[in-house]
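Visitor: This is the structure I have questions about; it appears just below.
The values are calculated or read from the model by the stated rules, or taken from the named source; none is laboratory data. The model shown is predicted, which means the values in this text are computed figures rather than measured ones. Glycine gets a Cβ as well: all are built from the backbone with ideal geometry, and neighbour counts include every protein chain shown.
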């Protein structure tokens, strides 16, 4: 059998490429795979190539590693394709998504999944990824498209409507939150058994156990005690209200619902420690850190972590302390080769060997969650083997969770409809139905905001939606 060919689209995301490539190279059945790196930035692509070659050498893998600016050449004959792009980058696109709404009085935390920021990010991103899967239709029609790009639900839903290429959206919120809860409860994460379902960034743990013990009573006790982590107060508050724990972080979840971010109630935001402009802040942290990261990636051991910490302290970027700590921790791990908790390598291994595995994937809803619309993008357990990524039927959700998810699905559905049908008015409809946007702005303001954002993004917006 020929060695599998795994393609990285957006390989200039060097740190993430390192993590995914490291997972592949540490998997015995994939050590002789062909890893093809593709990006539109030759400098970042070259750096990623050197990093991956060094990884392969360190672990003694026999992988073939290539880098190319030619996407068609990269995709030809692929087994699996990882997408990990960001259309428009931090500057100007993300800055625009935050600064324009702020002039209307609409503030955000992350803005990459829902809300006005998520809508516009989806409108920019889907056409670019559609070009990628169109190329896959020609060069590797049997390959699996493993999408890591946000807004996950909007992107994966739209691609499933527009192309026969098999796409599964991948995230780390389900398995990542289990690790956080294990830390809160003082338990080994590997010993926690769970079953989750919902939509991306708004899935909930329907079952959470340790050696047969239901962990929900302990989580409720922790929530009532007030001893929850400062950065995670929103999710524990939502647990008290809804009875289940959500899989995405507090700063994300706060902007998917109309409860926690209110201009008229800054005291509530402060009490729950909800950070405004957190994602732009993280991007600024990364801008400061990139020079140090690149130098360390080029020559491991050449930069001290203390130097990076001092630079970040001097920059004094208004961001959650854990975001700075996470960047420093990632920097300190640049020279380590260890498995991440991403699902990519697990999926590729099962596709190649046929040995089954279970992951959480984002897939079209074909009766999997009957409380949610048919065809919408849902996050459910999936069995993976040589037959591909096969989602499992979950069944009825607790009614309060299904009702909450539908408020987000409405926005996703209208954004996808705008892209599929070329209807600008559906973008306004999506914003009108977004829980937070509708809470803060009146209809005339919402329509004006959408118009201004579409103009501001210019050529990044599909022509049919520019007006």
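Visitor: If you check every pair at least six apart or on different chains, which have Cβ atoms under 6 Å apart with a residue in region 168-182 that is more than 12 Å from residue 192 (Cβ to Cβ) first and a residue that is part of a loop (DSSP other than H, G, I, E, B) second?
Guide: 170/148; 170/343; 171/200; 172/341; 172/342; 173/247; 173/248
Visitor: Please specify each residue of region 410-435 satisfying the condition of being under 17 Å from residue 201 (Cβ atoms) and surrounded by fewer than 23 Cβ atoms within 10 Å (Cβ to Cβ).
Guide: Residues of region 410-435 under 17 Å from residue 201 (Cβ atoms): 410-413, 415-416, 430, 434-435.
Matches in region 410-435: 410, 413, 435.
Visitor: Restricting the search to region 191-229, which residues are in a helix (DSSP H, G or I) and in contact with a helix residue (DSSP H, G or I) (Cβ under 9 Å, 6 or more places away or on another chain)?
Guide: Those that are in a helix (DSSP H, G or I) and in contact with a helix residue (DSSP H, G or I) (Cβ under 9 Å, 6 or more places away or on another chain): 191, 216, 218, 219, 220, 222, 223, 224.
Visitor: Any chance region 225-233 includes a residue that's within 26 Å of residue 397 (Cα to Cα) and over 15 Å from the mean Cα position of the chain (by Cα)?
Guide: The initial filter retains those residues of region 225-233 that are within 26 Å of residue 397 (Cα to Cα), namely 232-233.
Applying the additional criterion that residues be over 15 Å from the mean Cα position of the chain (by Cα) yields 232-233.
Yes: region 225-233 contains one or more residues that are within 26 Å of residue 397 (Cα to Cα) and over 15 Å from the mean Cα position of the chain (by Cα).
Visitor: Does residue 265 qualify as being without any contact (Cβ under 8 Å) to a residue 40 or more places away in the chain and either within 28 Å of residue 182 (Cβ to Cβ) or surrounded by 15 or more Cβ atoms within 10 Å (Cβ to Cβ) (or both)? Working first, answer last.
Guide: Details: without any contact (Cβ under 8 Å) to a residue 40 or more places away in the chain: yes; either within 28 Å of residue 182 (Cβ to Cβ) or surrounded by 15 or more Cβ atoms within 10 Å (Cβ to Cβ) (or both): no.
When the stated conditions are applied, residue 265 does not pass them.
Visitor: Kindly evaluate residue 78 against the criterion of being buried (at least 21 other Cβ atoms within 10 Å of the Cβ) and either in a strand (DSSP E or B) or not assigned by TED's automatic domain parsing to the domain that holds residue 326 (or both). It would help to see each step written out before you state the result.
Guide: Values: buried (at least 21 other Cβ atoms within 10 Å of the Cβ): yes; either in a strand (DSSP E or B) or not assigned by TED's automatic domain parsing to the domain that holds residue 326 (or both): yes.
Answer is yes for this residue.
Visitor: Inside region 1-12, can you point out the residues that are assigned to a loop (DSSP other than H, G, I, E, B) and either surrounded by 21 or more Cβ atoms within 10 Å (Cβ to Cβ) or in contact with a helix residue (DSSP H, G or I) (Cβ under 6 Å, 6 or more places away or on another chain) (or both)? If you could, list the steps in order and put the result at the bottom.
Guide: Of region 1-12, the ones assigned to a loop (DSSP other than H, G, I, E, B) are 1-4, 10-12.
The answer is 4, 10, 11, 12.
Visitor: Could I ask something else about it? What number goes with the only condition from (1) out of contact with any strand residue (DSSP E or B) (no Cβ under 7 Å at 6 or more places or on another chain); (2) assigned to a loop (DSSP other than H, G, I, E, B); (3) buried (at least 18 other Cβ atoms within 10 Å of the Cβ) that residue 105 does not pass?
Guide: (3)
Visitor: Checking the conditions here, which among 257, 319 is at pLDDT 95 or above, more than 25 Å from residue 406 (Cα to Cα) and not in a helix (DSSP H, G or I)? Show your work before the answer.
Guide: Details: 257 fails: more than 25 Å from residue 406 (Cα to Cα).
From the options 257, 319, the qualifying one is 319.
Visitor: Sticking with this one: Hey, can you tell me all the residues within region 36-59 that are out of contact with any helix residue (DSSP H, G or I) (no Cβ under 6 Å at 6 or more places or on another chain) and outside any helix (DSSP H, G or I)?
Guide: Correct list: 40, 41.
Visitor: Follow-up. State all residues of region 347-369 that are part of a loop (DSSP other than H, G, I, E, B) and either surrounded by 14 or more Cβ atoms within 10 Å (Cβ to Cβ) or touching a helix residue (DSSP H, G or I) at 6+ places or on another chain (Cβ under 9 Å) (or both); if no residue qualifies, say none. Quick ask: steps written out before the conclusion?
Guide: Restricting attention to region 347-369, the residues satisfying the condition of being part of a loop (DSSP other than H, G, I, E, B) are 354-356, 365-369.
Result: 355, 356, 365, 368, 369.
Visitor: Would you check if there is a residue in region 124-131 being in contact with a strand residue (DSSP E or B) (Cβ under 9 Å, 6 or more places away or on another chain), surrounded by 18 or more Cβ atoms within 10 Å (Cβ to Cβ) and more than 22 Å from residue 202 (Cα to Cα)?
Guide: Initial filter on region 124-131 (in contact with a strand residue (DSSP E or B) (Cβ under 9 Å, 6 or more places away or on another chain)): 129.
Now restrict to residues that are surrounded by 18 or more Cβ atoms within 10 Å (Cβ to Cβ): 129.
Filter once more, so that each one left must be more than 22 Å from residue 202 (Cα to Cα): 129.
Yes, some residue in region 124-131 is in contact with a strand residue (DSSP E or B) (Cβ under 9 Å, 6 or more places away or on another chain), surrounded by 18 or more Cβ atoms within 10 Å (Cβ to Cβ) and more than 22 Å from residue 202 (Cα to Cα).
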